[in-house]
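For reference, the structure discussed in these notes is given below.
The values are calculated or read from the model by the stated rules, or taken from the named source; none is laboratory data. All of these numbers come straight from a predicted model, not from anything done at the bench. Quick reminder, even Gly has a Cβ in these numbers, built from the backbone with ideal geometry, and neighbours come from all protein chains shown. Just the protein is used for accessible areas: all its heavy atoms, side chains included, with ligands, DNA and RNA removed. Shrake-Rupley method; radii C 1.70, N 1.55, O 1.52, S 1.80 Å.
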Amino acid sequence: VNKKEFVLKLAEIGAVKFGEFTLKSGIVSPFYINLREVISYPELLESAAEMMLDLTTSQFDIVSGVPYTALPVASIVSQKTGKGLIIKRKEEKAYGMKDSILGSYNVGNKCFLLEDLITSGESIIETAKALEQNGIIISDIAVMVDRSGNSGSALKSEGYSFTALLTLEEMMDILKSESRISDEEYSKVMDFLNDQNKPKTRAPLVKNSITEKLLDVVKSKKTNLTLSLDVTTQREFFSILKSTANKIALLKTHVDILDDYDESFVPKLLELKQKYNFLIFEDRKFADIGNTVRHQFRDGIYKISSWADIVTVHMLPGPGILNGLFDGIEDKSALLLARMSSQGNLISEQYTRQVIELGKKNPHCVTGFIGHGNDENDIKFFSRKIPDNFLFLMPGVKLGSTTDGLGQSYITPDMAVKNGADLIIVGRGIIAADDPAKAADTYRELAWNEYEKRNSL
Ligand code: S5P
């Protein structure tokens, strides 16, 4: 077999389809690729195994695949080479690491690892790491189709290299040259692939009134900076706010950390809001049942719903939390915590996905998502999951340090925005600076330049 025949056969069994497909992220894709069915076509499996074996560059002692689709391919490679097969369990065992790998191997064995499709590279990294934890050395990684659009850069930044039998572009070229897709379909796919790799402006799709207001402020003041004013006295609060207010689009408060909160606070705050044109975001992080958060939002000393435009919400209690908060309230909106910046936080990839799903179902009261990433690829990966009618706000932004000694992780403002954050949230980078006004300028400029660059693409 050659690649061409292989690709034609893939198209024949419906592994690549053309049309309109709504992806998990809400984005409509002009094609859909699903290699899972390959396992039911023995001759396809065999050609995949042969061609992927040809991609290896070094000797190996054992072979494995990322579960599930790559496993039968790995099993054929095993038969052809006489090297043993091992399998990493897909389900996490509740207890210990014992039995996380099936099959026989020795510590120090070199393993050839196969995968069918790479998008983010996450599942390969997960499998490779698990094998390594058991003393296995990953000597080669081969994938059938690379549709990452960035040659699997997440994998590279983790120190792994891989070879792909096919890139998506290559597949499309073959299908086009064999007249299996029209020129129109071909250019749609290519445009889509190009588009996907650049984060784009979200404004035109936004339907939420608070989000629209926020984006108006961003545009008119030329700033996508959120100031996190985490100080404990009103004097400090208003002094920093006055000197930075013309540089920010959004003011984030933790009203409950003020030592001297009294009824003069809110009127003073609203006066400055009026004067300097920013929105107010009380970072209350609601996380209880609907009835409780309803009171927490409206009642008590702070009566948050009377002055904050935006509040943060943990979706852990389920969708009822949004009803409790926003029923009967029109002009307020939530930012859902989809990821956190603190090291070792318990948020899983699946939880993040579910939070985004719940947000998508409630565009009337959700402005966007709080998220973070460990590096450029991780931020991009997260950003792509956020539909175009929602914003992505990123805390954990600071120049000159990567942590605060209390578990906070920092990345730089330009890196945050370049890779997809719409607004950055900066606290101590500004409030602990010798000259907060000057620091706010620096952060604003770095973030804004990247924002403009991105939106002019
Ligand atoms: O994941 C998060 C979410 C939030 S809202 N990580 C965060 O740090 N935050 C908030 O952003 C946090 O409560 C704090 O108010 C601010 C970051 O402050 P900094 O001083 O570390 O910039």
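So if R0 is 22 Å, what FRET efficiency would D259 and A432 give, r being the distance between their Cβ atoms, rounded to the nearest 0.05?
0.80
If you fit an axis through the alpha-carbon atoms of helix 70-81 and take the longest principal axis of the Cα set of the chain, what angle between them do you get, 0 to 90°, nearest 10?
Rounded to the nearest ten degrees, it is 30.
Residues of the stretch 1-33 with backbone nitrogen within less than 20 Å of a virtual label 7 Å along the Cα-to-Cβ line of S177, please, listed as ranges.
1-12, 16
For the stretch 411-425, in order, what is each residue's ³J(HN,Hα) by Karplus, 6.51 cos²θ - 1.76 cosθ + 1.60 with θ = phi - 60°, in whole Hz (x at glycine and Pro)?
With the stated coefficients, the stretch 411-425 comes to 10, 7, x, 5, 5, 4, 6, 4, 9, x, 5, 8, 10, 9, 10 Hz.
Quick one: go through the stretch 356-383 and flag any residue whose amide nitrogen is under 12 Å from the point 7 Å out along the Cα-to-Cβ line of N34.
none
Which whole-number percent gives the relative contact order of the stretch 153-272, counting Cα pairs below 8 Å spaced six or more residues apart?
With pairs under 8 Å counted, the relative contact order is 18 percent.
Run the simple label-point estimate for K219 and T81 please: 7 Å along Cα→C-beta, distance reported in nm.
For K219 paired with T81, the spin-label model returns 5.6 nm.
Please list, in chain and number order, the residues 5+ apart from K285 or on another chain whose amide H is under 5 Å from its amide H, with Hs placed from the backbone.
Placed amide hydrogens put T312 under 5 Å from K285.
Suppose R0 equals 22 Å; then what is the FRET efficiency for K207 and D327 from their Cβ-Cβ distance, rounded to the nearest 0.05?
Approximately 0.70, to the nearest 0.05.
Can you give me the long-range amide H partners of A164? Hydrogens built in the peptide plane at 1.01 Å from N, cutoff under 5 Å, separation of 5 or more residues or another chain.
V143
Once both labels are modelled 7 Å past Cα along the beta-carbon direction, what's the D195-K361 spacing in nm?
Here the answer is 2.7 nm between the modelled labels.
At 7 Å along the Cα-to-beta-carbon direction for both E132 and T403, put a label point, then send me their distance in nm to one decimal.
Going by the 7 Å Cα→Cβ label model, 1.9 nm.
Consider a paramagnetic label point 7 Å from the Cα of T232 along Cα→Cβ; state which residues of the stretch 415-435 have an amide N under 19 Å from it.
Flagged as within label range: 427-433.
Sequence-distant or interchain residues sharing an amide H contact under 5 Å with I138, placed H: which?
C111
Need the full-extension length gain, S58 to E169, defined as separation in residues times 0.36 nm minus the C-alpha distance. One decimal, nm.
Taking 0.36 nm per residue and subtracting the Cα distance, the gain is 37.3 nm.
For the chain, what is the accessible area per residue in Å² when the probe is 1.4 Å?
Heavy-atom accessible area per residue stands at 45 Å².
What list of ³J(HN,Hα) values in whole Hz, one per residue of the stretch 153-164 in order, does the Karplus curve 6.51 cos²θ - 1.76 cosθ + 1.60 (θ = phi - 60°) give from phi, with Gly and Pro shown as x?
Per residue, the Karplus-derived 3J(HN,Hα) values read 5, 4, 5, 4, 5, 8, x, 9, 10, 8, 10, 10 Hz.
From the helices alone, meaning DSSP H stretches of at least four residues, give me the mean residue ellipticity at 222 nm for the chain, per-run term -39500 (n - 2.57), in deg cm²/dmol to the nearest 500.
Helices in the chain give a 222 nm mean residue ellipticity of -12000 deg cm²/dmol.
Given Cα pairs under 8 Å that are at least 6 residues apart, what percent is the relative contact order of the chain?
Normalised by residue count, the contact order of the chain is 12 percent.
Using a 1.4 angstrom probe on heavy atoms only, work out the carbon and sulfur share of the accessible area of the chain in %.
Heavy-atom surface of the chain belonging to carbon and sulfur, 1.4 Å probe: 49 percent.
Residue-wise, which Karplus ³J(HN,Hα) couplings in Hz belong to the stretch 169-177, taking 6.51 cos²θ - 1.76 cosθ + 1.60, θ = phi - 60°, and x for glycine or proline?
Coupling constants for the stretch 169-177: 4, 4, 4, 5, 4, 5, 4, 6, 5 Hz.
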